[in-house]
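Single-structure report; data block below.
The values are calculated or read from the model by the stated rules, or taken from the named source; none is laboratory data. Small disclaimer: the values here were computed from a predicted structure and weren't measured. Glycine also receives a Cβ, built like all others from the backbone with ideal geometry; neighbour counts cover every protein chain displayed. Just the protein is used for accessible areas: all its heavy atoms, side chains included, with ligands, DNA and RNA removed. Shrake-Rupley method; radii C 1.70, N 1.55, O 1.52, S 1.80 Å.
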Amino acid sequence: MVLFAGAGTGVAYMVRRIAILGSTGSIGTNALRVIEALGSGYSVFALSAHSSVELLAEQARRFKPKYVAITDADNQKRLAELLADLDVEILAGPESLVAIGELAEVDIVLTAVVGAAGLPAVLAAARRGKRLAIANKEPLVMAGELLVKEARASGGEILPVDSEHSAIFQAMQAGRPKEVAKIILTASGGPFREVAIDDIRNVTLAQALAHPVWDMGPKITVDSATMMNKAFEIIEARWLFDVPVEKIEVLIHPESIIHSLVEFVDASLIAQLGRPDMCLPIQYALTYPDRVAGIARAPRLEEIGKLTFKRPNPEVFRALPLAYEVARVGGAAAVVFNAANEAAVEEFLAGKIKFVNILELVEHCLNKHDVKTGVSLEELLEADAWARREVTSVACSA
Ligand code: NDP
Ligand code: MG
């Protein structure tokens, strides 16, 4: 952090310098809106995109970061042309994310890239003792234990951006960790929450991408439709809050106003409520421990009228029972779970497989892989690559 004196006021302010990995996505663009509204106490030091070169250039012009990274190096030349008149350093290739995660000047690394691609940078930032404002949940699913250990050892912080985990983080402040009886993760249930098991076989890509509540990137939107997103969130909560998965429950709450709850041993249930808008969880991860006025608006309960809850059907949403099993098995199981899903969702988005094939492929990989406990990072990455190859080869031969 850097101290500077407010013009003519004699008052010193802290400026938090922020790097956004994945600034051109749904979370990334919302994060920039939040930072703009927060004003002078927060500055954008680095931005990254994969291939959205025009949008990244536009963001660089507006927010004047010192660094921009383009992970698909084929776009480096075009980015350099677009930014020729700006005083900004351009980095390129997948490794540029790590370079940004390690920048000494950066206080907060907001990780909003999608999928396992974020893992090396998230680990690097944790090792450097940064505040990680973590939206990119896949690295937590893959290597949550290691990530939390690294952050602890370096004195870094991991603050959740995922709305449910932000809610849990806020609710946790009402008691002590040892007083937690259970965590209740809420889920919108996605577009197929009322669909019967037989009808799920015929859903289309367009139906899977039509989320009833949240406006998000395509991968997480499909993950919400399969409820794989909630399955990941069970594992994410397990590592973020050091709670065994047996103490984590999922409830479908279609209104998406209660973002999650913590039940304490005295039978108190503490919830956090907000509109279904990612700006508030993003902002809290940046401003914590402060709460400041920003662009979020409080929900009006009298307009909402009623809030409803029901248990998800584990036969329709196979991802949920699998998440508990994966957490119980440990080893490389979560890596295979994540990588198989990521590869299968890619195939589904490309129109090559059906919606139901996603979970079938994930289960196939989990059954076939010989998961061991106590695996190293290298072994985890090998398991990740194996699951991707396996999905591609099974999908191609189907
Ligand atoms: P988007 O698809 O909208 O954005 C992804 C971002 O990552 C873009 O900036 C994209 O760049 C970049 N990117 C894509 N592929 C790569 C790659 N291989 N290497 C490096 N960067 C890459 O995703 P979302 O914003 O929806 O989600 C981001 C993360 O946040 C996910 O992990 C998701 O699960 C999590 N999350 C999202 C929520 C939401 O509301 N959207 C809510 C809670 C969690 P480009 O634009 O150039 O392709
Ligand atoms: Mg979520």
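Worth pointing out:
- Residue under evaluation Ala187, criteria (1) at pLDDT 95 or above; (2) small (Gly, Ala, Ser); (3) out of contact with any helix residue (DSSP H, G or I) (no Cβ under 8 Å at 6 or more places or on another chain); (4) not assigned by TED's automatic domain parsing to the domain that holds Met14, criterion not met: (3)
- No other residue among Arg297, Arg291 is more than 27 Å from Glu179 (Cα to Cα) and either more than 19 Å from the chain's Cα centre (by Cα) or part of a loop (DSSP other than H, G, I, E, B) (or both) apart from Arg297.
- Within segment 266-299, the residues that satisfy the criterion of being of a type in the set (Gly, Ala, Ser) and either touching a residue at least 40 places away in the same chain (Cβ under 8 Å) or surrounded by fewer than 18 Cβ atoms within 10 Å (Cβ to Cβ) (or both) are Ala267, Ser268, Ala271, Gly274, Ala285, Ala293, Gly294, Ala298.
- Segment 208-218, subset open to solvent by 10 Å² or more (accessible area, probe 1.4 Å) and touching a residue at least 60 places away in the same chain (Cβ under 8 Å), residue farthest from ligand 1 (Cβ to nearest atom): Val213
- Residue count for segment 310-331 satisfying the condition of being more than 14 Å from Ser224 (Cα to Cα), open to solvent by less than 40 Å² (accessible area, probe 1.4 Å) and touching a Ser or Thr at 6+ places or on another chain (Cβ under 9 Å): 2.
- Residue in segment 219-241 that is surrounded by 18 or more Cβ atoms within 10 Å (Cβ to Cβ) and assigned to a loop (DSSP other than H, G, I, E, B) present: yes
- In segment 221-241, residue farthest from ligand 1 (Cβ to nearest atom) [restricted to those that are within 13 Å of the chain's Cα centre (by Cα) and among the hydroxyl-bearing types (Ser, Thr, Tyr)]: Ser224
- Residues of segment 29-64 that are open to solvent by less than 10 Å² (accessible area, probe 1.4 Å), in contact (Cβ under 8 Å) with a residue 40 or more places away in the chain and more than 16 Å from ligand 2 (Cβ to nearest atom): Val34, Ile35, Ala46, Ser48.
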